[in-house]
1. If you go through segment 254-265 one residue at a time, do you hit one that is in contact (Cβ under 8 Å) with a residue 60 or more places away in the chain, surrounded by fewer than 23 Cβ atoms within 10 Å (Cβ to Cβ) and over 18 Å from Y142 (Cα atoms)?
2. Find the residue count for segment 185-217, including only residues that are over 19 Å from R325 (Cβ atoms) and surrounded by fewer than 24 Cβ atoms within 10 Å (Cβ to Cβ).
3. Can you spot a residue in segment 517-529 that is assigned by TED's automatic domain parsing to the domain that holds F473 and either among the hydroxyl-bearing types (S, T, Y) or within 38 Å of the chain's Cα centre (by Cα) (or both)?
4. How many residues, within segment 290-309, are surrounded by fewer than 18 Cβ atoms within 10 Å (Cβ to Cβ) and either in contact (Cβ under 8 Å) with a residue 24 or more places away in the chain or closer than 26 Å to G217 by Cα (or both)?
5. Can you tell me which residues in segment 1-30 are outside any helix (DSSP H, G or I) and touching a helix residue (DSSP H, G or I) at 6+ places or on another chain (Cβ under 7 Å)?
6. Does any residue of segment 411-420 turn out to be surrounded by fewer than 22 Cβ atoms within 10 Å (Cβ to Cβ), touching a Ser or Thr at 6+ places or on another chain (Cβ under 6 Å) and either of a type in the set (A, V, I, L, M) or modelled with pLDDT under 95 (or both)?
7. State whether the residues of segment 151-164 include one that is in a strand (DSSP E or B) and of a type outside the set (F, W, Y).
8. When I314 is evaluated against the numbered criteria (1) outside the structural domain of T214 (by TED's automatic domain parsing); (2) part of a strand (DSSP E or B), which criterion, by number, is the only one it fails?
Amino acid sequence: MAVTPVVVCLSRSGEAVAHRVAQALGAAVHGRAGRVEAADADFADTMAHLRDLFAAGVPVVGVCAAGILIRAVAPLLGDKRAEPPLVALSEDGAVAVPLLGGHRGANDLARRIAALTGGVAAVTTAGDVALGVALDAPPAGYRLANPGDAKAAMAALIGGAGARLSGLPLFDLPDDPDGTVEIRVTEAPAIPGPDRLVYHPQAHVLGVGCARGTAPGELWDLAEAALTDADLAPGALAAVATLDLKADEPAVIDLAARLGVPLRLFDAAALDALTPRLATPSEVVFAEVGCHGVAEAAALAVAGAEGKLVLPKIRTARATCAIARAPAVLTALPGRARGRLSLVGIGPGQAAWRTPEASRLIAGADELVGYGLYIDLLGPLAAGKPRRDFPLGGEEDRCRYALEEAAKGRDIALICSGDAGIYAMGALVFELMDRDARGVSDAARRVEVVTAPGISALQAAAARAGAPLGHDFCAISLSDLLTPRADIVKRLRAAAEGDFVIAFYNPVSARRRTLLAEAREILLAHRPASTPVLLAASLGRPEERLRYRRLDELDVDEVDMLTLVLVGSSQSRLAELGEGPRFYTPRGYAAKLSQTG
């Protein structure tokens, strides 16, 4: 399991068992608010919280009835190979039932819990029950080349077909020389199929080097040639390794992704220390990058002190490859990962408006970074995770810290309200990476940056109001801390003349009170005084408040920093429809229909 499990407890009667299990697993206890006293985090809505954890890929042990867990996650079920472990544990600890993710850790988790509580692990997975093994879940350090054939193979074995073992006995199965299902363990290429499951021990490392801008296809073709020369299956590789200066090289990143293995990085000093072990040391390479070899040295760096080169460096005009073999399968890899910074937009704050992708990035992060209030809005999802809080005004320090921590090979989530790319930290992160001076380190410029979109304040306000953004609209920040006031006024006039619906971000602050009033006067020169205005405060939070005003009655004193001001165009309408007022902007369908009618 890539993520530490969470133990979810719904009642005081199960609390003792929940804490006992959580302590053994190194997990946090999430408790139902008002019912569980000593939880690490609490929640009010059980079903929403369980769905949020499951969507984030977090393994869950629910100290409750199995039916509660099933009903909670049922709408999210789809690909069993991607679903996290879900275990139901009775409040007395007597029964642990792996409901989902049996071969992704749930069965083992249930057995571990049962051993702790003295209960029973009610494992129902056919392979585990009938065979005592899960053929689609090989031990760490081994890769199944054809996981899609495992179901048919296990069905055949359950039906009485014998298993013919070839190579290392990987599973506790009797060897039947006449068996119709072959279990082959080999580092060499082999043709798999429903009657032949092929497992590769991951004891080899592919070291690579390349010139800047090498085409991914060139490096891939060279890697394939290296595997052929070594008579090695791609599944027998544990990692791709290279010099840290190549952390952001597209060809290297593509190669690791296509092979489905981690990328491990080493600095020049670490690689140069391995010069005595190289088959083809080069003074030319040393003059260029500070070590006497990249491909061979990187492969040996991962393979370890007892590792051996099985394929010395081969090359093309722009790339090199070498392969080293460790004395045993590699389950822990030295070196560092590339590092990842996730720009996570969490929307206005409530879990129901946060995307599953955002939740997964948060759950998988090594550390959460952001303005403290925004991290707090994550509620139980952030409980127990390392975090670094920054105050308002510390935006550049916040982004620089996140990038430099990611540069150490860590997985960092930078938490932003709304959408990370809309008046948030996304642009600043890329600006820091792009600066020649006062930016960030070279290593920080090479980290992976991913962005998870979030619901922006203007989208949330529009959804609450009706459809005010049904026609052309724009967003303008009224903060002149970073934008010259003259530029803001110029944009206001252009938007007014263009008759856009306008979302005003940062409308006022304690010291900045005049620009919103000036905006009102500019707009009144171009649209009716009756133009509808929405004041939307604390969207998606318990203190949410929506107020409607006419443009000529917009009062600056009604607005604060937590308010989004949404001003309609000359075509916008505020109508009493059904349960209340609905703010919408027609797009012209009525005129079109009248012409066609």
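1. no
2. Number satisfying all stated conditions: 13.
3. Taking segment 517-529 and keeping what is assigned by TED's automatic domain parsing to the domain that holds F473, we get 517-529.
Now restrict to residues that are either among the hydroxyl-bearing types (S, T, Y) or within 38 Å of the chain's Cα centre (by Cα) (or both): none.
No.
4. Selection size over segment 290-309: 1.
5. A2, V3, P5, V6, V7, V8, C9, L10, A28, V29, H30
6. So in segment 411-420, the residues surrounded by fewer than 22 Cβ atoms within 10 Å (Cβ to Cβ) come out as 411.
Those still in the list that are touching a Ser or Thr at 6+ places or on another chain (Cβ under 6 Å) too: none.
The answer is no; no qualifying residue exists.
7. Of all residues in segment 151-164, those in a strand (DSSP E or B) come to 163-164.
Narrowing the set further to residues that are of a type outside the set (F, W, Y) leaves 163-164.
Looking through segment 151-164, at least one residue is in a strand (DSSP E or B) and of a type outside the set (F, W, Y).
8. Looking at each condition in turn, I314 falls short on (1).
The values are calculated or read from the model by the stated rules, or taken from the named source; none is laboratory data. Values in this document were obtained by computation on a predicted structure and should not be read as measured data. Note: ideal-geometry Cβ built from the backbone for every residue, glycine included; neighbour counts use all protein chains shown.
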